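Q: Have a look at this one before I ask anything.
We did not get these values from a lab; they are worked out from the coordinates using the rules stated. Here the structure is a predicted model, which means the values were calculated and not measured. We place every Cβ from the backbone using ideal geometry, glycine too, and count neighbours over all the protein chains shown.
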Amino acid sequence: MAKYRGAVIVDAERCKGCNLCVVACPAGVLTLAREVNGKGYHYSEMARPEECIGCANCGLVCPDAVITVYRMNTKQ
Amino acid sequence: MTAEITEITREEHIVYRKTPALTGNVMHYCPGCSHGVIHKLVAEVIEEAGIRDKTIGVSPVGCSVLAYNYIDIDWAEAAHGRAPAVATGISRLHPEKYVFTYQGDGDLASIGTAEVMHACNRGENIVIIFVNNAIYGMTGGQMAPTTLVGQVTSTTPRGRDVKLNGFPMKITELLAQLDGTTYVTRQAVHTPPAIRKAKNALRKAFENTKKDKGTSFVEIVGTCSSGWKMTPVEANRWMVENMFPKYPLGDIKDI
């Protein structure tokens, strides 16, 4: 099991679906949802949450600061 | 949400979140706009340095004219291109404050060339943040002085022609020649490593203000996916392939 487990919470209503976080994710965790938010954007969401390592690349590249990244050390 | 995700998403496990220096307002920028990332970096640098109540920003005319809605500090709004002149006044009246301007290429490199040249030449103790996306974004994607040769814009539908429109202006290199500037650099925000480097450059620029070293000039090469008629991901790729050969990244001057 990976030493670090991560999770990403996207504020779906503020997300504009630019896709930058999906491209920046090294573990292929994120994808754009089939559903749209109130503004009609396909918001970003975790498609494969078990792969997330909490590297925070998605949070860094997000232009709208809608991503909160969590990381937990599983070896503790 | 599964129990495991609930376990991970506890307050003490947060490694990245929106900085408190950003207001909660939804930015008006198009999806994937570089302005959002740059606003975030400026807000993070100000928050981490603990200088929110000592910083005054001067916003330009252009897409970032509404920057005061998003970064929770004191702001002034300048006439088109005149942000360095307004910042000069603020900084001379309040020498203890951190004063910065935030300008696009239409604002700084075109109508505001005189102001930025002379503010840098006087060595005013301010930070100038210059966002270069090679186009006038707000008004509909017209040619800017920084538009690349051959680049299609709404006023150069057959591409920028050197005989008709001249050459792209490398304003950052010009400003590095002036004795008043202490730190002149060019950065980008297209990948996580580039974003970290850009943040370090901004931090250094604000530290120079504290040391009263003169003008720090940070150019950030950005994208305008709406003006370039591309998706944000394509725009980043286009920027790497076309903008970086003309506008190479890195420190140009650091004294």
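Q: Can you name the number of the only condition in (1) surrounded by fewer than 24 Cβ atoms within 10 Å (Cβ to Cβ); (2) among the small types (Gly, Ala, Ser); (3) in contact with a strand residue (DSSP E or B) (Cβ under 6 Å, 6 or more places away or on another chain) that B:Ala79 fails?
A: If we test B:Ala79 against (1) surrounded by fewer than 24 Cβ atoms within 10 Å (Cβ to Cβ); (2) among the small types (Gly, Ala, Ser); (3) in contact with a strand residue (DSSP E or B) (Cβ under 6 Å, 6 or more places away or on another chain), just (3) comes out false.
Q: When the residues of segment A:46-76 are narrowed to those that are charged (D, E, K, R) and facing chain B (nearest Cβ under 7 Å), which ends up farthest from B:Tyr29 (Cα to Cα)? Spell out the reasoning first.
A: Kept after step one, since they are charged (D, E, K, R), are these residues of segment A:46-76: A:48, A:50-51, A:64, A:71, A:75.
Next cut, facing chain B (nearest Cβ under 7 Å) only: A:64, A:71.
Numbers: A:Asp64: 9, A:Arg71: 30 Å.
So the residue we want is A:Arg71.
Q: Of these, B:Val65, B:Val42, which one is surrounded by fewer than 20 Cβ atoms within 10 Å (Cβ to Cβ), out of contact with any Cys (no Cβ under 9 Å at 6 or more places or on another chain), under 20 Å from B:Val221 (Cα atoms) and touching a residue at least 40 places away in the same chain (Cβ under 8 Å)?
A: That would be B:Val65, the only listed residue that is surrounded by fewer than 20 Cβ atoms within 10 Å (Cβ to Cβ), out of contact with any Cys (no Cβ under 9 Å at 6 or more places or on another chain), under 20 Å from B:Val221 (Cα atoms) and touching a residue at least 40 places away in the same chain (Cβ under 8 Å).
Q: Same structure again: Could you please find all residues in segment B:11-27 being touching a residue at least 40 places away in the same chain (Cβ under 8 Å) and more than 7 Å from chain A (Cβ to nearest Cβ)?
A: If the condition is that a residue be touching a residue at least 40 places away in the same chain (Cβ under 8 Å) and more than 7 Å from chain A (Cβ to nearest Cβ), then B:Pro20, B:Ala21, B:Thr23, B:Asn25 are the ones that fit.
Q: Looking at chain A, what strands (runs of 3 or more DSSP E) fall wholly within it and have at least 3 residues that are crowded, with 18+ Cβ neighbours inside 10 Å and touching a strand residue (DSSP E or B) at 6+ places or on another chain (Cβ under 8 Å)? Quick ask: steps written out before the conclusion?
A: On the way: elements: A:4-10, A:30-32, A:44-46, A:67-73.
Those strands (runs of 3 or more DSSP E) span A:4-10, A:44-46, A:67-73.
Q: Checking the structure you have, find out if any residue of segment A:44-58 is in contact (Cβ under 8 Å) with a residue 24 or more places away in the chain and in contact with an Asp or Glu (Cβ under 7 Å, 6 or more places away or on another chain).
A: no
Q: Out of segment B:210-226, which residues are over 11 Å from B:Ser34 (Cα atoms) and not in a loop (DSSP other than H, G, I, E, B)?
A: Hits for segment B:210-226 are B:Lys210, B:Thr215, B:Ser216, B:Phe217, B:Val218, B:Glu219, B:Ser226.
Q: Answer yes or no: is there a residue in segment B:220-239 that is farther than 22 Å from A:Gly17 by Cβ and either in contact with a helix residue (DSSP H, G or I) (Cβ under 7 Å, 6 or more places away or on another chain) or hydroxyl-bearing (Ser, Thr, Tyr) (or both).
A: yes
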